[in-house]
Amino acid sequence: MENKYISKRLEKVTPFFVMELLEAAKEMEAKGEDIVHMEVGEPDFPTPDIVKKEAQKAIQEDRTFYTHSLGLAELREKIQEYYLKTYGIDIEKERIIITNGTSGAFAIIFLGLLEKGKNLIISDPGYPCYKNFGYLVEANVCMIPVTEQTAYMLTEEHIANLEYKPDLLVISNPSNPTGSVYDIKTIKGLYKEVFKRDGLLIVDEIYSGLNYSDKRFTAASISEDIFVVDGFSKTYAMTGWRLG
């Protein structure tokens, strides 16, 4: 297709190269080569049997029609119970929204909070899709370099030193692609600094379930003003599923 038909905002959007790498690796596997996959962020175990059985049961029971606009009420109640049992915080069901994957959540959040002239703050290196969503809503994508000095994480000092307003800061915890894990003190500092400058914070906790210690927390315990995005794909090996 000629470029004249494509919107200007797409010119900044870069391919998600990890998927191209995955596809190339699968082609090699199809030819009989032995491949160790270290490209896409997904577990190497299958979806648990209980999940598959419940999905099959739902289909047999014809539970395939439109749901509540915020997502299945039963699912939102179960998520509410999960946060209470796991983290000891009671989140109102009305604050829980189900989307078709976390990418769907980011699309909705960015469309609602960003626009031309507003600043999206992300780390460099960071998850590349954040900036692509930012470009699609014509926001200023501001990438802050992070180094081993801060364990490849953003800190409140990074935000305090900005010469522009941090309208929306997005971090992933644990981080993609570095694997660094933010502690609650660092996230509190980031939230305090961003909120002080009239900005908002999103914490992507999609990898929070892949945890090898008992020390777990959620940014939702810090403030109701923090957007927390999480999903089933990593913890329950459901990267090819889309529920809601």
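Please treat every number below as a calculation from the coordinates, not as lab data. Nothing here was measured: the structure is a model prediction, and the numbers come from that model. Positions of Cβ are generated from backbone atoms using ideal geometry, with glycine treated the same way; all protein chains shown enter the neighbour counts.
A few remarks follow.
- Here's the list of aspartates and glutamates a cross-link from LYS185 could span, going by alpha-carbon distance under 19 Å and ignoring same-chain residues fewer than 8 apart: GLU148, GLU156, GLU157, GLU193, ASP204, GLU205, ASP214, GLU224, ASP225.
- Extension gain for the segment LYS31 to ILE50, taken as residue separation times 0.36 nm less the Cα-Cα distance, is 3.5 nm to one decimal.
- Candidates TYR207, TYR152, TYR83: whichever shows maximal mean-square fluctuation once the chain is modelled as a Gaussian network with Cα springs under 10 Å: TYR83
- Label-point gap, in nm, between MET38 and GLU74 - each point 7 angstrom along Cα→Cβ: 4.3
- Less than 5 angstrom separates the built amide H of VAL229 from those of VAL203, ASP204, GLU205, all sequence-distant by 5 or more or on a different chain.
- The slack between ILE59 and TYR82, meaning 0.36 nm per residue of separation minus the straight C-alpha distance, is 5.8 nm.
- Working ranking of peptides 167-173, 192-198, 127-133 by packing, defined as the average number of other Cβ atoms within 10 Å per residue, highest first, is 167-173, 127-133, 192-198.
- The GluC sites (Glu not before Pro) of the range 114-162 meeting both criteria, a DSSP state outside H, G, I, E and B (loop) and at most 13 other C-beta atoms within 10 angstrom of the site's C-beta, are GLU115.
- Note on the chain: helix-only mean residue ellipticity at 222 nm, from DSSP H runs of 4+ residues weighted -39500 (n - 2.57) and normalised by residue number, equals -10000 deg cm²/dmol.
- Positive-pole candidate from GLY126, GLN60, GLY104, dipole of the chain, charges at beta carbon: GLY104
- Choice from LYS93, LYS185, LYS118 with maximal GNM fluctuation in the chain (Cα, 10 Å cutoff): LYS185
- Close lysine pairs were tallied over the range 46-152: pairs 8 or more places apart or on different chains with Cα atoms under 22 Å apart number 7.
- Annotation note: GluC sites (Glu not before Pro) in the range 1-63 located in DSSP loop regions with a Cβ neighbour count of at most 12 within 10 Å are GLU2, GLU33, GLU61.
- Counted residue by residue at 0.36 nm each, then reduced by the alpha carbon distance between them, the extension gain from ASN161 to GLN149 reaches 2.7 nm.
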